[in-house]
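Everything on this sheet refers to the single structure shown next.
Each reported figure results from applying straightforward, stated rules to the coordinates on display, with no laboratory input. Please read all numbers here as calculations on a predicted model, not as lab measurements. As a convention, Cβ positions derive from the backbone with ideal geometry for all residues, glycine included, and neighbour counts pool all protein chains shown.
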Ligand SMILES: Cc1cc2nc3c(=O)[nH]c(=O)nc-3n(C[C@H](O)[C@H](O)[C@H](O)COP(=O)(O)OP(=O)(O)OC[C@H]3O[C@@H](n4cnc5c(N)ncnc54)[C@H](O)[C@@H]3O)c2cc1C
């Protein structure tokens, strides 16, 4: 049996020093994903560094700057927070759709954002994988999802990735030598082998979301094979903003879980700009979204069945975002 160091420092400074001292060490937050990966021997850290004693890491603050979340904030606290629910409905919907309450009691927002990708061919036991050629993520030269492809198509199934992107979150990243801020769009690498751009020893030390402008509305939907205890097969996060005349001034839609980063569909939404929202407008727009997501992601994960799911639910997402934008979300 290999020896595993476990550290629980009181401060961020100490945590960063320990991460630097033990190359190959990993942060453990709630442990709801990392420990599963360790049991399957998919991750073999030299040491675990828990952030649970770093006090400022569990805070939820609202101020003129927006919402500030410490990375160790457990998901259950976000779920019970009325202001998060009211101000950032897409984030709230994503959080409550994740797993089941006992897991959300333990799981943290930082751990969700830093979640590794998942793949039916990779997240298996060693015995199961013996019958398969090693894939890119295991150090081999093939992706079993797209055998003619040249990259790992592990899926980023983290529920909060789409909502944090649509709300333009900004992350604080700390390393032993500096603290920097990083817009969320620069956080996801698009590489299934390592889906975020954190360097070894770096820690997500905070997440800030600016307050949405007036006239903005957003919504989240996820589809999974079973209703509970199942990762998304596809998820959608959409947002619109209405100008003072009630016309659409901006619209965004992210399709998640079909590849290593959320895919932002843009072309299909151009005809929305300047229009007065209507049921017909949403259904016309929804028709082009799945095809564009397939082209952008180049991922066979978006099967014809899931494309139909995307079409139907794009319409619903925009209806919901419209209700939010006009303050009629009941
Ligand atoms: C049965 C089951 C169902 C699940 N269903 C879902 C689901 O539907 N959707 C979903 O998104 N997830 C799901 N999960 C996965 C997991 O529970 C969540 O993603 C959770 O939010 C992970 O948070 P955690 O605190 O437990 O992270 P951990 O497991 O502790 O860590 C996850 C990763 O993040 C890194 N990390 C954590 N904090 C930081 C930080 N501050 N800075 C840098 N790196 C950090 C860790 O090193 C690790 O690599 C499920 C898990 C289980 C067991």
Q | Theoretical ellipticity at 222 nm over the chain - DSSP helices of four or more residues, -39500 (n - 2.57) apiece, nearest 500 | A | -8000 deg cm²/dmol
Q: Give, as ranges by residue number, the residues of segment 1-28 whose backbone N falls under 15 Å from the point 7 Å along Cα→Cβ of residue 53.
A: 6-19, 28
(Q) Just to be sure I understand the model, the point goes 7 Å from the Cα along the line to the Cβ. What's the resulting residue 39 to residue 151 distance in nm? (A) 3.2 nm
Q | Kirkwood-Stokes translational diffusion coefficient of segment 276-330, alpha-carbon pairs, 20 °C, 1.002 mPa s, µm²/s | A | 179 µm²/s
Q) Using the count of nearby Cβ atoms within 10 Å as a rough guide to exposure, how do 310, 234 rank from fewest to most? A) 234, 310
Q. Where is the GNM fluctuation largest for the chain (alpha-carbon springs, 10 angstrom cutoff): 125, 189, 297?
A. 125
Q) Which of the peptides 83-90, 43-50 is most tightly packed, and how do the rest follow, going by the mean number of other Cβ atoms within 10 Å of each residue? A) 83-90, 43-50
Q) Using a simple spin-label model with points 7 Å from Cα along the Cα→Cβ vector, what separation in nm is obtained for residue 20 and residue 295? A) 4.8 nm
Q | Within a Gaussian network of the chain (alpha carbon springs, distance under 10 Å), most fluctuating of 269, 198, 132 | A | 132
Q) Across every pair of different alpha-carbon atoms, what Kirkwood hydrodynamic radius in Å does the chain reach? A) 20.6 Å
Q: Compute the FRET efficiency between residue 279 and residue 227 as 1/(1 + (r/R0)^6), taking r as their Cβ-Cβ distance and R0 = 25 Å, and round to the nearest 0.05.
A: 0.40
Q. Label 7 Å along Cα→Cβ of residue 243; segment 267-310 residues with amide nitrogen under 11 Å?
A. 273-276
Q. Between the helical axis of 12-21 and the dominant principal axis of the chain, each derived from Cα atoms, what acute angle in degrees is found, rounded to the nearest 10?
A. 60 degrees
Q: Can you pull the one-decimal nm distance between simple spin-label points at residue 214 and residue 130, each 7 Å off the Cα toward Cβ?
A: 6.7 nm
Q | Full-extension gain in nm, residue 287 to residue 100, via 0.36 nm per residue minus C-alpha separation | A | 64.0 nm
**Q.** Most fluctuating residue given options 26, 151, 177, as computed from a GNM of the chain linking Cα atoms under 10 Å
**A.** 177
Q: Give me the compactness ratio for segment 10-110, meaning the Cα radius of gyration over 2.2 N^0.38 Å.
A: 1.19
